[in-house]
Amino acid sequence: MNTQQLTRGAMVCAIYGLLLFLNQQTGLMIESSASWLFVLPILVYTAMYGAKVAGIAALAMCLMTFLFGGFTTWFYSWLSILSGYVYGSGVFRRQKNSVNFLLVFLISFVSTILMVYLWAAVFDLDLMSDFKMIVQYFPSVRWDAFVLAVVVAMALLEALCIHLVGILLCTRLRIAMRPLNGIDSIESPRWVGIVSLVIWLVYFFGQSMVKLSPEWQTAVQAALFLDAMALDFYGVVYFMTLTVRKGSRKRAPLAILGAFIPVLQILWILSGEMDCLLQIRKNYLKQS
């Protein structure tokens, strides 16, 4: 390890310490609303110098956490350091961006499951109150399916924040990384649309004609929620492709925003389903 690596390692540790201090002074605001910020210092440093050099800085950050936080801060920050270390290592090795995203998603998924099932009381996370409110409008919703949908959504959003901000920082700091693929390279598989139709039919008949066991109802609902998330994503890809190809790039953020607006996102889900079944976007790209 040379002098430059040591100096920059000390700098990222100082930035991480500043985040811990701000988190403590703001009533744990960072860890409760934007814990992915803890990821960025070690992510950048690992992307620059690799896993071997960054391992010392990661260990130093873990030890620093004892000075500026309690149990909840330890949990959030250590998992953030792990996510940044894994993602930065992938960038340094020129690993596929999709693999980096998947690894960070898995870490976020495991941490969210632990938070929901083991430390919900410690972290003041009360999903049951939200569930009771939803049941008032949708009495058929199952608790386990609801929890799975929340866990997957939270893990996806956290991984997406880390992925996008990581790419932005690496680009701005001119850190060599694997080139990004364009949106045209994303395929909408037809089998996804067929499987979605099967899930919808099973769920419909299970609600009206066939009496399913509680275990099967939970499984079908969980599959329905996950399928809706996937189709929502393909709906975003569909609308993004149309806006970019038609030269209206300013409307591109609307193609993403609509996927998160309740009721309106049904249009995105149906568009994703139609694109998967009929391959509308693929045919459009061939013609253009």
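The values are calculated or read from the model by the stated rules, or taken from the named source; none is laboratory data. Predicted model, so just to flag it, every value in this text is computed and none were measured. Virtual Cβ from ideal backbone geometry, glycine too; neighbours counted across all protein chains shown. In case anyone asks, the SASA skips ligands and DNA or RNA and just uses the protein heavy atoms, side chains included. Shrake-Rupley method; radii C 1.70, N 1.55, O 1.52, S 1.80 Å.
At a glance:
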quantity	calculated
Qualifying positions in segment 128-153 - modelled with pLDDT of 80 or more and outside any helix (DSSP H, G or I)	141, 142
Hits in segment 218-253 - residues which are among the charged types (D, E, K, R), part of a helix (DSSP H, G or I) and open to solvent by 20 Å² or more (accessible area, probe 1.4 Å)	232, 245, 249, 250, 251
Of all residues making up segment 160-174, the number that are over 19 Å from residue 48 (Cβ atoms) and touching a residue at least 60 places away in the same chain (Cβ under 8 Å)	1
Residue match in segment 75-92 (condition: touching a Phe, Trp or Tyr at 6+ places or on another chain (Cβ under 6 Å), among the small types (Gly, Ala, Ser), closer than 18 Å to residue 170 by Cα and part of a helix (DSSP H, G or I))	yes
Of all residues making up segment 63-85, the number that are closer than 15 Å to residue 37 by Cα and not hydroxyl-bearing (Ser, Thr, Tyr)	7
Only one of 26, 73 that is free of Cβ contacts under 8 Å to residues at least 24 places away in the same chain and either open to solvent by 20 Å² or more (accessible area, probe 1.4 Å) or within 23 Å of residue 157 (Cα to Cα) (or both)	26
Residues of segment 240-288 satisfying the condition of being at pLDDT 90 or above and touching a Lys or Arg at 6+ places or on another chain (Cβ under 8 Å)	275, 276, 277
Count of segment 10-44 residues which are within 15 Å of residue 173 (Cβ to Cβ) and either in contact with a Leu (Cβ under 6 Å, 6 or more places away or on another chain) or not β-branched (Val, Ile, Thr) (or both)	5
Unique residue being among the aromatic types (Phe, Trp, Tyr) and within 18 Å of the chain's Cα centre (by Cα) when the list is 146, 66, 138	146
Filter result for the condition that a residue is farther than 21 Å from residue 222 by Cα and open to solvent by 50 Å² or more (accessible area, probe 1.4 Å), over 142, 94	94
Qualifying residue in segment 254-261 (condition: on the phi < 0 side of the Ramachandran plot, part of a loop (DSSP other than H, G, I, E, B) and surrounded by fewer than 18 Cβ atoms within 10 Å (Cβ to Cβ))	yes
Yes/no for residue 269 being open to solvent by 60 Å² or more (accessible area, probe 1.4 Å), β-branched (Val, Ile, Thr) and either within 16 Å of residue 188 (Cβ to Cβ) or in a helix (DSSP H, G or I) (or both)	no
One residue from 257, 242, 264, 278 being outside the structural domain of residue 139 (by the TED database), over 19 Å from the mean Cα position of the chain (by Cα) and within 30 Å of residue 143 (Cα to Cα)	264
Any hit, segment 202-214, residues being closer than 28 Å to residue 255 by Cα and either crowded, with 17+ Cβ neighbours inside 10 Å or at pLDDT 85 or above (or both)	no
Selection within segment 163-191 - in a loop (DSSP other than H, G, I, E, B) and open to solvent by 90 Å² or more (accessible area, probe 1.4 Å)	173, 174, 178, 179, 180, 181, 187
Members of segment 48-67 that are open to solvent by less than 60 Å² (accessible area, probe 1.4 Å) and either of a type in the set (Val, Ile, Thr) or touching a His at 6+ places or on another chain (Cβ under 8 Å) (or both)	53, 65
Restricting segment 158-199 to residues that are of a type in the set (Asp, Glu) and over 18 Å from the mean Cα position of the chain (by Cα), the residue that is farthest from residue 274 (Cα to Cα)	184
From the options 83, 32, 111, residue that is modelled with pLDDT of 90 or more and among the polar types (S, T, N, Q)	83
